[in-house]
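Undergrad: There's a structure below that I have some questions on.
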Amino acid sequence: MDLIYPKTCGICGNGKNTFLCKKCENKLKEIAIFGQDEYKDKFFEKHFYIFKYQGIIRNIFLKYKFNEMPYLYNTFSVFFNKYQKIYFKFDFYDIIIPIPISKKRLKQRGYDQSLLISRNISKILDTRLEKDVLIKKKENKIQSKLNKNQRNENVKNVYEAKYKEKIVNKNILLIDDIYTTGATANECSKILKIAGANKIDILTIAKD
């Protein structure tokens, strides 16, 4: 596959046999936040994130999600792998779960951006990935077009937990690409808690 699709830096498009060249790695390191927020009023406890959703990061995400550039998940994964042990003090997790997209959105886009990121992070953290225990059972309005109150209402009764025996008493790291108001992350955490999950934390690449 590398012969047919040679590795190139997802930021500048150059680089030799790498998804993140040293020059762009340094650029990302300059703007990285490596944030960690804790919550008492949500169904998850901690939110880890690497960047603020602005500038070059916002431009990259627009390409990643809407310009058919799924390979950019490798660029995020390379950066995460290099710095997560330095900046993030993760607790132990039994499983990793990506926040899912609907079947309709998957068909339109051709890939699930959160699942792609989750696959690599599960390897980096040596933690089992469960991609079928949380599903999006129906289509809803696009969250980015709604205000905070509308977003909270928009995600209700949208997600469902399956194979609950894989969730009961488990510590879970829930992964998504961008965190804005936390409505989606909180609703998914609520569904997992009801299904018997013990502890849930959130990891996103960026926070808006």
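The values are calculated or read from the model by the stated rules, or taken from the named source; none is laboratory data. Just so we're clear, the structure is a prediction, and the values are computed from it rather than from any experiment. Cβ coordinates were reconstructed from backbone atoms using ideal geometry, including for glycine residues, and neighbour counts include every protein chain displayed.
Undergrad: Identify all residues within segment 29-62 that are without any contact (Cβ under 8 Å) to a residue 12 or more places away in the chain and aliphatic (A, V, I, L, M); write none if there are none.
TA: The one that is without any contact (Cβ under 8 Å) to a residue 12 or more places away in the chain and aliphatic (A, V, I, L, M): L62.
Undergrad: Another question about this same structure. Would you say S77 is in contact with a helix residue (DSSP H, G or I) (Cβ under 9 Å, 6 or more places away or on another chain) and either assigned to a strand (DSSP E or B) or surrounded by 13 or more Cβ atoms within 10 Å (Cβ to Cβ) (or both)?
TA: Here the answer is yes, as S77 does meet what is asked.
Undergrad: Can you find even one residue in segment 86-99 that is part of a loop (DSSP other than H, G, I, E, B) and either of a type in the set (D, E) or farther than 19 Å from I200 by Cα (or both)?
TA: The answer is yes; a qualifying residue exists.
Undergrad: I'd like to know if segment 49-56 contains one or more residues that are in a loop (DSSP other than H, G, I, E, B) and surrounded by 13 or more Cβ atoms within 10 Å (Cβ to Cβ).
TA: yes
Undergrad: Could I ask something else about it? Would you pick out the residues in segment 124-180 that are among the polar types (S, T, N, Q), within 29 Å of S77 (Cβ to Cβ) and surrounded by 15 or more Cβ atoms within 10 Å (Cβ to Cβ)?
TA: Those that are among the polar types (S, T, N, Q), within 29 Å of S77 (Cβ to Cβ) and surrounded by 15 or more Cβ atoms within 10 Å (Cβ to Cβ): T127, N140, Q143, N171, T180.
Undergrad: Restricted to segment 80-101, and to residues that are more than 24 Å from E30 (Cα to Cα) and surrounded by fewer than 16 Cβ atoms within 10 Å (Cβ to Cβ), which residue is modelled with the lowest pLDDT?
TA: Step by step, filter segment 80-101, then rank; the result is D91.
Undergrad: Among the candidates I167, I172, I124, I117, single out the residue that is touching a helix residue (DSSP H, G or I) at 6+ places or on another chain (Cβ under 8 Å), of a type in the set (V, I, T) and over 18 Å from A185 (Cβ atoms).
TA: I124
Undergrad: Search segment 1-22 for residues that are under 19 Å from K63 (Cα atoms) and modelled with pLDDT of 70 or more and pair each with any residue that is aromatic (F, W, Y) and surrounded by fewer than 17 Cβ atoms within 10 Å (Cβ to Cβ) when their beta-carbon atoms are under 7 Å apart and the residues are at least 6 apart or on different chains.
TA: Going by the 7 Å Cβ cut-off, the qualifying pairs are G10/Y71.
Undergrad: With the condition kept exactly as written, say whether any residue in segment 104-116 is in contact (Cβ under 8 Å) with a residue 60 or more places away in the chain, on the phi < 0 side of the Ramachandran plot and crowded, with 16+ Cβ neighbours inside 10 Å.
TA: yes
Undergrad: How about segment 154-184: which of its residues are at pLDDT 95 or above and of a type in the set (G, A, S)?
TA: Selection gives A161 alone.
Undergrad: Being under 29 Å from N74 (Cβ atoms) and crowded, with 19+ Cβ neighbours inside 10 Å narrows it down to one residue among A185, A195; which is it?
TA: A185
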